[in-house]
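The values are calculated or read from the model by the stated rules, or taken from the named source; none is laboratory data. If you're wondering where the values come from, they're calculated on a predicted model, not measured in any experiment. Here the Cβ positions follow ideal geometry from the backbone for every residue, glycine too, while neighbour counts run over all protein chains shown. Ligands, DNA and RNA are stripped out before the accessible areas are found, and what is left, the full protein with its side chains, is counted by its heavy atoms. Shrake-Rupley method; radii C 1.70, N 1.55, O 1.52, S 1.80 Å.
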Amino acid sequence: MPKLEVEHIQAFYGRAQALRDVSLTVDEGEVVSLLGANGAGKTTTLKVISGLVRPAAGTVKFDGERIDGKSPEAIAALGIAHVPEGRHIFPGLTVRENLYLGATVRHLRRSQLNDEVDRVLEFFPALREHLDRRGWALSGGQQQMVAVARGLMAKPRLLLLDEPSLGLAPIIVKQLFRTIGEINQKERVTILLVEQNAPAAFSVSRRSYVLETGRVVLGDTVERLVRNEMVRRAYLGLGGAESSGA
Ligand SMILES: Nc1ncnc2c1ncn2[C@@H]1O[C@H](COP(=O)(O)OP(=O)(O)OP(=O)(O)O)[C@@H](O)[C@H]1O
Ligand SMILES: [Mg+2]
């Protein structure tokens with residue numbers, strides 16, 4: 001049984017249909033990525049999974065249990081953490097306070113919260129010296145680290161990451177994706193990663209799906225997708241597999 005099973009989802013904003021037919025699976029322990037251009041429906045797909053958008057049709061199962069129709073709070077309590085696009089850390093709160101908020105669903109005591117901060121900082125040691133700094137005073141890369149670290153504070157079983165590479169310098173993207181791989185391995189957390197940066201997504205995921213105007217049009221192992229003509233042209237900026245001379 002897949003850890004996450006999304007089947008034939010349709011979703012609307014008012015009358016506008018954002019998702020037409022989205023099906024995907026993520027197995028226990030996997031990192032799976034979801035690629036697509038602006039407006040393809042990537043964020044909406046994550047919002048359907050975490051309960052922020054209610055689908056008009058289709059089902060979402062987590063550990064075999066239907067979760068579509070549940071509230072975002074109930075879904076978070078099952079162990080699904082959503083790190084939203086654009087980070088959304090609280091600018092007026094310190095890094096430590098931002099991290100505490102990630103553990104709200106766990107109802108921990110202060111001392112346990114601080115233990116958890118120590119645990120997640122093992123993945124982001126650079127944040128330690130900024131724990132008392134306010135959100136507004138952080139760089140984009142630091143904010144993204146806080147956003148992912150806050151997601152980990154929930155000790156999730158499934159982590160949803162929405163465009164973690166957005167706006168970050170290439171070297172920071174590389175480090176962040178290496179850390180995402182470590183999080184997957186050491187915390188044994190299953191990850192569904194939304195990205196437009198296909199090389200970054202492929203560096204950490206085993207399988208990937210491609211979304212176009214609300215439909216999943218491709219889904220395969222990364223090994224096979226990097227040989228796919230359409231993926232090479234649209235997402236890797238390369239010519240056809242034949243012309244590469246590989
Ligand atoms: N709150 C909203 N109200 C109305 N329409 C929306 C809303 N959010 C998204 N949409 C529309 O739904 C479609 C899918 O949007 P979505 O945000 O899921 O795309 P995306 O793949 O995440 O794009 P991006 O890469 O730009 O983040 C788009 O046509 C978008 O304009
Ligand atoms: Mg988006």
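Using a 1.4 angstrom probe and counting only protein chains, how large is the accessible area of Ser139 in Å², to 10?
60
Quick check: pseudo-label points 7 Å beyond the Cα along Cα→Cβ at Leu218 and Arg128, how many nm apart are they?
4.2
Return an integer: the convex hull volume of the alpha-carbon atoms of segment 89-155, in Å³ per residue. Could you put the intermediate results ahead of the total?
Working: hull volume 4.8 nm³, N = 67.
Here the figure is 72 Å³ per residue.
For segment 89-155, with only Lys/Arg (+1) and Asp/Glu (-1) charged at the beta-carbon, what is the dipole magnitude about the Cα centre, in debye rounded to 20?
Numbers: 10 positive and 7 negative charges, 37 e Å.
In total the dipole reaches around 180 debye.
Quick check: Cα centre of segment 21-77 to Cα centre of segment 98-150, how many Å?
After rounding, the separation between the Cα centres reads 25 Å.
Could you tell me which trypsin sites (Lys or Arg not before Pro) in segment 1-107 are loop residues by DSSP with no more than 10 other beta carbons within 10 angstrom of their beta carbon?
Sites meeting the loop and neighbour criteria: Arg15.
Nearest 500 deg cm²/dmol is fine: what mean residue ellipticity at 222 nm does the chain get from its DSSP H runs of n ≥ 4 alone, each adding -39,500 (n - 2.57), divided by its residue count?
Details: 9 runs with 83 residues, N = 246.
Dividing the helical sum by the residues of the chain leaves -9500 deg cm²/dmol.
Considering only protein heavy atoms, with the full assembly of protein chains and a 1.4 angstrom probe, order Leu4, Leu166 by accessible area, largest first. Working shown, then result.
Numbers: Leu4 0, Leu166 80 Å².
Per-residue accessible area, sorted high to low, gives Leu166, Leu4.
Along segment 195-211, what does the Karplus equation 6.51 cos²θ - 1.76 cosθ + 1.60 (θ = phi - 60°) give for ³J(HN,Hα), rounded to whole Hz, x for Gly and Pro?
Here the 3J(HN,Hα) series is 8, 9, 7, 5, x, 5, 4, 5, 5, 10, 9, 8, 10, 8, 10, 10, 10 Hz.
Heavy atoms only, probe 1.4 angstrom, no DNA, RNA or ligands counted: give me Leu211, Leu52 ranked by accessible area, highest first.
Ranked from most to least accessible, the order is Leu52, Leu211.
Working out 0.36 nm times the residue gap between His107 and Met230, then minus their Cα-Cα distance, what length gain in nm do you get to one decimal?
The His107-Met230 span can extend by a further 39.6 nm.
Using a Cα-Cα cut-off of under 24 Å, which lysines could be cross-linked to Lys61, ignoring same-chain neighbours fewer than 8 residues away?
Lys3, Lys42, Lys47, Lys70, Lys155
Shape of the chain from its Cα gyration tensor (a ≥ b ≥ c, root eigenvalues): rounded if a/c is under 1.5, otherwise prolate when a/b > b/c, or oblate?
Here the chain falls in the oblate category.
Given Cα pairs under 8 Å that are at least 6 residues apart, what percent is the relative contact order of the chain?
It rounds to 26 percent for the chain.
Can you give me the relative contact order of segment 89-155 as a percent, contacts being Cα pairs under 8 Å and 6 or more apart?
Here the relative contact order equals 56 percent.
With +1 assigned to the C-beta of every Lys and Arg and -1 to the C-beta of every Asp and Glu, and no other charges, what is the dipole magnitude of the chain about the Cα centre in debye, to the nearest 20? Write down the numbers at each step before the final one.
On the way: 32 positive and 28 negative charges, 76 e Å.
Roughly 360 debye, rounded to the nearest 20.
So what's the net charge close to Ser111: Lys and Arg +1, Asp and Glu -1, counting the other residues with Cβ under 15 Å from its Cβ?
+2
Would you be so kind as to identify which of Pro199, Val31, Val48 lies farthest towards the positive end of the dipole of the chain, taking Lys and Arg as +1 and Asp and Glu as -1 on Cβ and the Cα centre as origin?
Value: Val48.
If you count only protein heavy atoms with a 1.4 Å probe, what accessible area per residue comes out for the chain, rounded to a whole Å²? Mind dumping the intermediate values first?
Working: 11790 Å² over 246 residues.
About 48 Å² of surface per residue is accessible.
Please name whichever of Val173, Thr104, Leu138 sits farthest to the positive end of the charge dipole of segment 94-246, dipole taken about the Cα centre and charges placed at Cβ: Lys and Arg +1, Asp and Glu -1.
The residue sitting most towards the positive pole is Thr104.
With the full set of protein chains in place, find how many percent of the accessible area of segment 72-153 is carbon and sulfur; take the probe as 1.4 Å.
Carbon-and-sulfur percentage of accessible area, whole number: 53.
Net charge near Asp220, counting Lys/Arg +1 and Asp/Glu -1 over other residues with Cβ under 11 Å of its Cβ?
+3
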